[in-house]
Amino acid sequence: MPHPLYLESINRIIRETLILKFKEKTPENVDITVADFNQCLWNIFGTQENRTLLVSASCRCWAQLQKWGAMDYLRAQYGAMIVETRPKYDITLSVEPPADPAADCTALATKVASLLRNMMAGAFHAVFDAVGKVGPVRDIPYRPMEGLWLKPEGDRVIAIFSIAFDDPDDQVIGRVFLQEFSKNVSGAPSCSISVKDPPLELQGIRGIKADGYASFLLEARHMAPRVREQTINMLLQYRNYVHYHIKCSKAYLHIRMRTRAELLLKVLNRAKGEKPDAPKKTASGRTFTRS
Amino acid sequence: MAAIKPYVTCIKETITAAMCLENFPSQLIERHNKPEVETKMSKELSLNPIIIARTKQEKILIEASINSVRISVALKKIDDLDQILSKRFMRFLTQRAENFLVLRRKPIKGYDISFLVTNTHTESMFKHKLIDFVVQFMEDIDKEISEMKLSVNTRARLAAQAYLKELVS
């Protein structure tokens, strides 16, 4: 019945647009603004003069991400591509298309389309690298009502998500979904769910209000270089994954209700019986109409 | 609920007895012909209401009168999820009350869904089939809600397992 959908961390629209632009023979004017998860924005800007494209991204929590050292990772990934930020955005990359339009450029396009993901991942990398050192709880308010905290604890890191549901019905279904995450899978980070109050790890932080909290205990093996990117990818998409599956559930319930209503109508129609204006006949064949 | 035959049989017998309806225009207002169980204008035209209860929560209220019968059902709700599922499902069905003819758009206070059967319905439809419909309606709703609950739980479990598996290292 369900197909686990791993929401991609890269932005497909950006990637496909870039690949299209790379294949162009002559450059054209372009100024595209694209929305992404968590109220983030992208912008691709290019002029006819040269083939260089300026790709910018902005997210809600850039100030905090910078504070927690995200730029280190970004510099490592993009190096010289980082240029002066365009107004209203947080970071801008200058992208040179490959000289040959026919060359395979998916790798470059994918790398650029991961910009937003890398912005967030930068903070994760900084925490993972600082494991063992005592440090503050990194708060990353990536959504208006929901937050993410990274708390270093000895040689481990705890990633805490606060999840809010707008609809009261969603809160009930959401609770069912969140409780399932607290069932352990051996090898995976152990996850503890709290439904009413913030978990102990967030003690002391004020102003938190949400419908559920998920705390993932990341151990050294989850932060190992081989699996680090995968861990970060999955964690970044956690909240959207939960909401996506809740919506799928509601859609499925709706389909069931509709099917059931149709079935019941069929039963009712059986009660309606024959049409009242069918002509009635006597035994000898004479017909008469009911007045 | 289908396993509890006595409950279903009792309901069926009671509704069959109550559904003896005839056309009866209003005694008090000229040229009005309204279901007596809804307007309750004259005391002698209504029968005593009957409640058939399986548990404290699950029960059926049958109010009969000379030209109409009102059947209200209270469903079994064990937890929050049951509550919202039954609320959604009932809202879905009552929005289509026109198609269902005998369904009331608003349930009676204290119950989850209500039927209103009038003499026009019994005149144009087979009475025993109508009663079968009401009984099957109740059974189907129970079955449906428990299946919906199961599907939500299954989906939650599978989604969580699939997610955590990706984090295994």
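Read the figures in this text as sums done on the coordinates, not as results from a lab. Here the structure is a predicted model, which is why all the values come from computation and not from measurement. Every residue, glycine as well, gets a Cβ built from its backbone with ideal geometry; the counts of neighbours run over all protein chains shown.
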Checklist entry - In sequence order, what are the phi-derived ³J(HN,Hα) couplings for the range B:137-145 according to the Karplus relation 6.51 cos²θ - 1.76 cosθ + 1.60 with θ = phi - 60°, rounded to whole Hz, with x for glycine and proline? => result 3, 5, 5, 4, 4, 4, 4, 5, 5
Checklist outcome for this item: Scoring chain A by relative contact order with C-alpha pairs under 8 Å, at least six apart, yields a percentage of 14 percent
Item to check | Folded to 0 to 90 degrees: helix A:225-236 orientation relative to chain A principal axis, Cα | outcome: 50 degrees
Checklist outcome for this item: Given the candidates A:Tyr142, A:Asn43, A:Gln171, the one whose Cα lies deepest towards the positive end of the charge dipole of the protein assembly as shown, counting +1 at each Lys or Arg C-beta and -1 at each Asp or Glu C-beta, is A:Gln171
Checklist entry - So how far, in whole Å, is the C-alpha centre of the range A:207-221 from the one of the range B:49-69? => result 49 Å
Next on the checklist: Counting only other chains, and only Cβ atoms inside 10 Å, what mean value do you get across the residues of A:175-185?
Outcome noted: 5
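Charges at C-beta only: +1 for Lys and Arg, -1 for Asp and Glu. How large is the resulting dipole of chain A about its Cα centre, in Debye rounded to 20? Present the calculation step by step, with values, prior to reporting the outcome.
Numbers: 40 positive and 31 negative charges, 378 e Å.
Dipole about the Cα centre, nearest 20: 1820 debye.
B:Thr55: net charge of surrounding residues, Cβ under 12 Å, Lys/Arg +1, Asp/Glu -1, itself excluded?
Values: positive: B:Arg54, B:Lys56, B:Lys59, B:Lys76, B:Lys77; negative: B:Glu58.
Result for the neighbourhood of B:Thr55: +4.
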Next on the checklist: For the pair B:Ser146/A:Lys247, report the inter-label distance in nm, with labels modelled 7 Å from Cα in the Cβ direction.
Outcome noted: 3.3 nm
Item to check | Convex hull projection area averaged over all views, the range A:87-134, Cα basis, nm² | outcome: 5.3 nm²
Checklist entry - Taking each residue of B:93-103 in turn, how many C-beta atoms of other protein chains fall within 10 Å of its C-beta, and what is the average? => result 3
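About its Cα centre, how strong a charge dipole does the range A:141-291 have in debye, to the nearest 20, once Lys and Arg get +1 and Asp and Glu get -1 at the Cβ? The partial results should precede the final answer.
Working: 25 positive and 16 negative charges, 287 e Å.
I would put it at about 1380 debye.
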Checklist outcome for this item: Taking the protein assembly as shown, the whole-percent share of alpha-carbon pairs separated by over 30 angstrom is 61 percent
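Using a 10 Å cut-off on Cβ to Cβ distances, tally the other chain neighbours for every residue of B:139-151 and report the average as a whole number.
Details: counts 0, 5, 2, 0, 1, 8, 1, 0, 3, 6, 2, 0, 6.
Mean shielding count: 3.
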Item to check | Low-density loop positions, GluC sites (Glu not before Pro), the range B:7-103 - DSSP coil, at most 11 other Cβ in 10 Å | outcome: B:Glu22, B:Glu30
Checklist entry - What are the radius of gyration and Dmax of the range B:16-136, computed over its Cα atoms and given in Å? => result 15.1, 49
Checklist entry - HN-Hα J couplings of the range B:32-39 from phi, Karplus 6.51/-1.76/1.60, θ = phi - 60°, integer Hz, Gly and Pro as x? => result 9, 9, 10, x, 5, 5, 8, 8
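Sort out the exposed loop GluC sites (Glu not before Pro) in chain A (DSSP loop, at most 10 other Cβ within 10 Å) and tell me the longest stretch that has none. Kindly include the intermediate steps, with their values, before the conclusion.
Values: sites that count: A:Glu28, A:Glu49, A:Glu84, A:Glu274.
The reported range is A:85-273.
List the trypsin sites (Lys or Arg not before Pro) within the range A:38-126 that fall in a DSSP loop (any state other than H, G, I, E or B) and whose Cβ has at most 13 other Cβ atoms within 10 Å.
A:Lys88
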Checklist entry - When the Karplus curve 6.51 cos²θ - 1.76 cosθ + 1.60 is applied with θ = phi - 60°, which whole-Hz ³J(HN,Hα) does each residue of the range A:102-114 get, with x for Gly and Pro? => result 7, 5, 6, 10, 4, 4, 5, 4, 4, 4, 5, 5, 8
Item to check | Spatial separation of Cα centroids for the range A:240-274 and the range A:128-184, in angstrom | outcome: 35 Å
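Provide the net charge surrounding A:Tyr244, with neighbours chosen by a C-beta distance below 13 Å and charges set as Lys +1, Arg +1, Asp -1, Glu -1. Don't jump to the answer; show the numbers that get you there.
Numbers: positive: A:Arg239, A:Lys247, A:Lys250, B:Arg155; negative: A:Glu8, A:Asp170.
Local charge sum for A:Tyr244: +2.
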Checklist outcome for this item: Taking the reciprocal of mean 1/r across every pair of different Cα atoms in the range A:63-146, the Kirkwood radius in Å is 14.6 Å
Item to check | Computed Rg/Rh of the range A:128-183, alpha carbon atoms with Kirkwood Rh | outcome: 1.10
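For the cross-link pairs A:Lys250/B:Lys127; B:Lys76/B:Lys106; A:Lys247/B:Lys77; B:Lys34/B:Lys143, which exceed 28 Å when the distance is taken from alpha carbon to alpha carbon? All intermediate terms of the calculation are to be shown ahead of the outcome.
Numbers: A:Lys250/B:Lys127 37 Å; B:Lys76/B:Lys106 19 Å; A:Lys247/B:Lys77 23 Å; B:Lys34/B:Lys143 34 Å.
Where the Cα-Cα span goes over 28 Å, the pairs concerned are A:Lys250/B:Lys127; B:Lys34/B:Lys143.
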